[in-house]
């Protein structure tokens, strides 16, 4: 009996320490978190696929750190776009010893999770979180590859005022939606427009007839929505059902293929902004589309960004000659890299330097780029 | 003024939808004194089935005039089967158990149905195919769309049919008798099990119609849509008087109008303190108020005599 217990104990202790033993021999884990289930699953999967494409390509080139061959492993987790789940999943990844994280998607998830990563010194590069608050927390582990919402909101507000001076806004009360609309409001007022009405909804609602009716009465020239495509699509549909012909604008949460699919013919003419360049105009866009298309199909929005996030993390490790966050973090800060999305460099807070914002319009059932604001060329 | 009219019209449409679903709750409560929490999920099943069937049919090139009724028929069939199954498996064994047992079972059935739908259809939103071309009409400054008119007509026809069934047919008489006193009705020759099954069948058919209308109105359907809707419809039934069919109609319409007006004006009323994202609290505020001040509802409840 005691010998069986002893054997069990030894085996258990061995299997417990085995992962770290294996890691020491050359496996480096990188976390990747996004909503893989739920209404935003198509976007979360996009992030996973982009990161996977990068990691597999790098592994195929037999990288070495400190003379030892290493292989990178992507640990993928689902945060369901929920702030509570995001913290649980972040803790799980940290406990499993990830050396860096690509994620999350939603700002509402990235912000609470970033606290956990920061406490454990794990660098986090978000391919999609745009809320200004994310890099404003004073952590040295938060980075992002998209222009943040102060730039995006500014671009949206300026464009909206061009369509008309009377602007109505709706936000979904999440960290992302609220933050974006706050910036849009500031920008509209700075551009000489007037916010004639502001209404609220949630990221789970489907009935917007009451708030749209209330906004319709204020005769806006344009309606701007801060939120994701599962709300944006029924909202624009209900606008058309209420007889509102007003132009509909939204942020990167709406600028997806799923929006057009859910909204049907009502999507025509909608304008969405997205930080970053249009895929076709990205320096690495054509090649990326081809490589991604062969393996995963159509790019939704974020795949090029998660791809570059993984590359940037790994490259910092390779340059520093170590996968330990304390060692490679200084290299990450100094990143100067031409990724698929364009030139990548971080400012003091971890934001992307000179991040461009592109405005797209739905024409003939497809998103077509209309204008790019900002970016390194615009200096 | 035209804003108020528009909100009222929206409220009437929303109210018709609530009324359709509330009827299912009220009929079952009248006969069994059971709050069928799973009813909201039956509506969800109806919505999901009709959206899936419609999408498949239109993709196969079937003309809209044929695809819509077929989708409706498919939804009705699936919902009726689900409703009867639920009654046989979950509620009948507990027919004589203390009232708490079927109540908890109903909540359990609701969770089971939600998860089955999630497994079957996935967690993403389904889009109602844009087969009905939206045409908007101007009415005294407010706009009404053809979809809204369609909802009103279909809801009115369905509810009228139900009233006819309950008041002018033998089955209806049997239902009313069973609702009044189950044992005596049994003694008078009413097959109580059949009547209860018929109640669930009718309720589930109504739920299927409501599901299709809701999916067409909002344009989307997803596995989670039944829960909150069921609770609100139940509040509507209580508002009108539980067990009382005209009560469910009145309660539904009233609740729809109150919710619509409330969501539209709450920002102005509270000076910006509460925003329109608190739209959902109205149904539950009403439920609390009704249960506190007039628990029998506006038109009085009609439940079995226990003498």
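Only the coordinates and a few stated rules stand behind these numbers; no lab work does. This is a predicted model, so every value here is computed, not measured. All Cβ positions, even for glycine, are placed from backbone atoms using ideal geometry, and neighbour counts span all protein chains on display.
Based on the Cα gyration tensor of segment B:1-54, what are the three equivalent ellipsoid semi-axes, each the root of five times an eigenvalue, rounded to whole Å and given largest first? Don't skip to the answer; put the middle values down first.
Working: eigenvalues 145, 72, 8 Å².
After diagonalising the Cα gyration tensor, the semi-axes are 27, 19, 6 Å.
Each of A:42, B:39 was scored by other Cβ atoms within 10 Å of its Cβ. Listed from fewest to most, they are A:42, B:39. Here's the picture: a label point sits 7 Å out from the Cα of residue A:64 along the beta-carbon direction, and within segment A:319-349 the residues with their amide nitrogen under 17 Å of it are A:319-323. A Förster radius of 22 Å combined with the Cβ-Cβ distance from residue A:71 to residue A:324 puts the calculated FRET efficiency at roughly 0.85. Can you tell me the orientation of helix A:303-320 relative to chain A, as the angle in degrees between its alpha-carbon axis and the longest Cα principal axis, to the nearest 10? For helix A:303-320, the angle is close to 40 degrees. The label-point distance for residue B:194 and residue B:70, in a model that sets each label 7 Å from Cα toward Cβ, rounds to 3.4 nm. Taking the DSSP beta bridges in the protein assembly as shown as the whole, what percent of them are antiparallel, to the nearest 5? DSSP beta bridges in the protein assembly as shown are roughly 45 percent antiparallel.
Mind sorting A:186, A:45, A:298 by how few other Cβ atoms lie within 10 Å of their own Cβ, fewest first?
With the sparsest Cβ surroundings first, the list reads A:298, A:186, A:45.
Put one equal scatterer on each alpha carbon of the protein assembly as shown, apply the Debye formula with no solvent term, and list log10 I(q)/I(0) at q = 0.05, 0.09, 0.12 1/Å to two decimals. Those come out to -0.29, -0.83, -1.21, one per q.
In peptide A:236-244, what is the residue-averaged number of other protein chain Cβ atoms found within 10 Å of each Cβ? Show your work: numbers first, answer last.
Values: counts 1, 8, 5, 0, 4, 12, 10, 10, 2.
Per residue, the average neighbour count from other chains is 6.
Tell me the mean residue ellipticity at 222 nm calculated for the protein assembly as shown from its helices only (DSSP H runs of n ≥ 4, each -39500 (n - 2.57), averaged over every residue, nearest 500).
Working: 23 runs with 384 residues, N = 686.
Result for the protein assembly as shown: -18500 deg cm²/dmol, rounded to the nearest 500.
Treating the angle as unsigned and between 0 and 90°, give the value, to the nearest 10°, between the Cα long axis of helix A:175-190 and the longest Cα principal axis of chain A. For helix A:175-190, the angle is close to 40 degrees. Taking a ≥ b ≥ c as the square roots of the eigenvalues of the Cα gyration tensor, chain B is classed as oblate, since a/c reaches at least 1.5 and a/b does not exceed b/c. Measuring nothing but how far apart in sequence close Cα pairs (under 8 Å, 6+ apart) lie, relative to its length, chain A scores a relative contact order of 17 percent. Neighbouring Cβ atoms from other chains, within 10 Å of the Cβ of residues in B:123-134, number 5 on average. Please work out whether segment B:1-147 counts as rounded, prolate or oblate from its C-alpha gyration tensor, where a ≥ b ≥ c are the square roots of the eigenvalues and a/c under 1.5 means rounded, while otherwise a/b larger than b/c means prolate and anything else oblate? Oblate shape, in that a/c is at least 1.5 and b/c is the bigger or equal ratio.
Three principal axis extents describe the C-alpha atoms of segment A:54-170; from largest down they are 61, 32, 26 Å. Work out, in µm²/s and without decimals, the Stokes-Einstein translational diffusion coefficient of segment B:80-208 at 10 °C, 1.306 mPa s, Rh from Kirkwood over C-alpha pairs. After rounding, the answer is 88 µm²/s.
Find the relative contact order for segment A:109-202 and round it to a whole percent, using C-alpha pairs within less than 8 Å whose residues are 6+ positions apart. Display every interim value, and only then the final one.
Values: 150 pairs, mean separation 23.9, N = 94.
That works out to 25 percent.
Within chain A, antiparallel bridges make up roughly 35 percent of the DSSP beta bridges whose residues both belong there. Legend: ranking of residues A:36, B:85 from fewest to most surrounding C-beta atoms inside 10 Å; resulting order B:85, A:36.
What is the mean number of Cβ atoms from other protein chains located within 10 Å of the Cβ atom of each residue in peptide B:262-270, rounded to a whole number?
On the way: counts 1, 10, 9, 2, 4, 6, 1, 0, 0.
Shielding by partners across B:262-270 averages 4.
For chain B, the relative contact order is 36 percent, taking Cα pairs closer than 8 Å that sit 6 or more residues apart in sequence and dividing their mean separation by the residue count. The residue A:370 and residue A:189 beta-carbon pair, evaluated with R₀ = 22 Å, returns a calculated FRET efficiency of approximately 0.45. Rounded to the nearest 10 degrees, the angle from helix A:41-60 to the longest Cα principal axis of chain A is 40 degrees.
If packing is taken as the mean number of other Cβ atoms within 10 Å per residue, what is the order of B:174-182, B:186-194, A:226-234, highest first? Please list the in-between numbers first.
Numbers: B:174-182: 20.1, B:186-194: 12.9, A:226-234: 28.1.
Sorting B:174-182, B:186-194, A:226-234 by mean packing, highest first, produces A:226-234, B:174-182, B:186-194.
With the simple model of a label 7 Å out from the Cα in the direction of the Cβ, residue B:292 to residue B:96 spans 4.1 nm.
Of all DSSP bridge pairs formed entirely within segment A:19-104, close to 15 percent run antiparallel.
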